[in-house]
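Take a look at the structure set out below.
The values are calculated or read from the model by the stated rules, or taken from the named source; none is laboratory data. On a predicted model such as this, the values are computed, not experimentally measured, just so you know. Please note: Cβ atoms are built from the backbone with ideal geometry, for glycine as well, and neighbour counts cover all protein chains shown.
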């Protein structure tokens with residue numbers, strides 16, 4: 001979703017504010033990836049519309065995933081998740097199935113196949129509803 005690619009756009013700022021309120025974290029600390037295939041059970045997977053990933057440096061000096069936020073785009077606030085999305089929502093761990101995706105924010109951090117993703121504490125999922133054409137975001141809601 002192009003609205004989130006620009007950190008100064010009104011919709012990114014809205015999402016950032018909601019994320020700060022809901023989880024007490026700064027979305028600016030995360031890279032964003034689009035259309036990421038994520039496995040949730042064996043070879044079962046879904047495609048996350050947007051995936052925000054926060055990295056940290058481990059004891060060996062490597063960048064590793066510290067936290068994630070999943071964004072699902074829907075036509076309206078009442079559009080349900082698909083079965084694979086619902087199954088993934090109930091998982092505590094996801095594994096990247098996509099091949100070497102670049103950050104949408106232009107950092108040099110790519111996300112690669114096989115990367116294990118865990119939520120740092122509470123699951124952080126949002127549903128973004130964007131109407132029939134997908135051009136204008138009409139709402140952002142935290143999923144529970």
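For this structure, a couple of remarks:
- Candidates 94, 117 - the one that is in a strand (DSSP E or B) and farther than 19 Å from residue 28 by Cα: 94
- Residues (assigned to a loop (DSSP other than H, G, I, E, B) and in contact with a helix residue (DSSP H, G or I) (Cβ under 9 Å, 6 or more places away or on another chain)) located in the stretch 121-144: 121, 122, 123, 124, 130, 135, 136, 137, 143
The rows are residues; the columns are (1) more than 14 Å from the chain's Cα centre (by Cα); (2) assigned to a strand (DSSP E or B); (3) within 16 Å of residue 118 (Cα to Cα); (4) at pLDDT 95 or above.
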{"position": "34", "(1), (2), (3), (4)": "no, yes, no, no"}
{"position": "38", "(1), (2), (3), (4)": "no, yes, yes, yes"}
{"position": "49", "(1), (2), (3), (4)": "no, yes, no, no"}
{"position": "65", "(1), (2), (3), (4)": "no, yes, yes, no"}
{"position": "69", "(1), (2), (3), (4)": "no, yes, yes, no"}
{"position": "73", "(1), (2), (3), (4)": "no, yes, no, no"}
{"position": "79", "(1), (2), (3), (4)": "yes, no, no, no"}
{"position": "86", "(1), (2), (3), (4)": "yes, no, no, no"}
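- Considering the stretch 9-22, the residues that are crowded, with 17+ Cβ neighbours inside 10 Å and in contact (Cβ under 8 Å) with a residue 40 or more places away in the chain include one that is farthest from residue 116 (Cα to Cα), namely 11.
- Per-region count, the stretch 70-92, residues exposed (fewer than 13 other Cβ atoms within 10 Å of the Cβ) and touching a strand residue (DSSP E or B) at 6+ places or on another chain (Cβ under 6 Å): 2
- Filter result for residue 55 (more than 21 Å from residue 129 (Cβ to Cβ) and either in a helix (DSSP H, G or I) or touching a helix residue (DSSP H, G or I) at 6+ places or on another chain (Cβ under 7 Å) (or both)): no
- Test: residue 67 is surrounded by 15 or more Cβ atoms within 10 Å (Cβ to Cβ) and farther than 24 Å from residue 137 by Cα: yes
- Restricting attention to the stretch 23-38, the residues that are farther than 16 Å from residue 106 by Cα, in contact (Cβ under 8 Å) with a residue 40 or more places away in the chain and in contact with a helix residue (DSSP H, G or I) (Cβ under 7 Å, 6 or more places away or on another chain) add up to 2.
- Whichever residue in the stretch 93-121 is more than 14 Å from residue 38 (Cβ to Cβ) and surrounded by fewer than 12 Cβ atoms within 10 Å (Cβ to Cβ) and, among such residues, is farthest from the chain's Cα centre (by Cα): 108
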